[in-house]
Amino acid sequence: MASEHNGTSAPTNTINQNYAHGRHETRSSKSDKSWILFCGLFSVVGAIMLVVNITALVNEIQLRRDCTELTDGIVTQLVLNPADESDEDSSDTWTPVFRYSADGQTYEQKFSISSSPPQYKVGQAVTILYDPANPSRYVVKGDNSALLLHFLLMLMCICFTAVLPIAAVIHKINNPSSKASQQLSY
């Protein structure tokens, strides 16, 4: 009887160990899929935002290329953009309004960028570069804040897009024999 008990005991332990090991693989497989999905979502959103930002950057560069005529301008007002009361980290921002003349017509337009603290003061003189084909399109000479904003957004988008490849490399280094890292290497 002792030999039968010992004989049955070994296979049962082996089955229990295999069952436990199989459950662990299933949990690990689900975990692998969830981190791939999570990181993939960041990368897809980052890629979409990158395409949108590149389009906006190309438009800004084209605007600067088209705006070749100089004129004098003045800041007529600062429009207050109140902080979002539900967000304690937000603050009031100000958008300058510029007035300038081109081809005998006066234009008064809000700037495309707001800032806190205000970047300009009411009454401040500025030099405007406008598009001779469409004088309502303009840039403030020497103000590169739109380009800087697009550059910073592009860096952020590239970081978002790189989440999945970087996470896959880190996962493969930490788990060289895992099924997910083998799938990603193909």
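We did not get these values from a lab; they are worked out from the coordinates using the rules stated. Quantities reported herein were computed from a predicted structural model and do not represent experimental measurements. Note: ideal-geometry Cβ built from the backbone for every residue, glycine included; neighbour counts use all protein chains shown.
At-a-glance table
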read-out: Evaluation of Pro132 against (1) under 13 Å from Gly73 (Cα atoms); (2) in contact with a Cys (Cβ under 9 Å, 6 or more places away or on another chain); (3) exposed (fewer than 14 other Cβ atoms within 10 Å of the Cβ); (4) not small (Gly, Ala, Ser) (one fails), failing number; value: (1)
read-out: Asp72 among the charged types (D, E, K, R), without any contact (Cβ under 8 Å) to a residue 60 or more places away in the chain and assigned to a loop (DSSP other than H, G, I, E, B); value: no
read-out: Considering residues of the range 92-114 that are surrounded by fewer than 16 Cβ atoms within 10 Å (Cβ to Cβ) and among the charged types (D, E, K, R) only, the residue nearest to Leu147 (Cα to Cα); value: Lys110
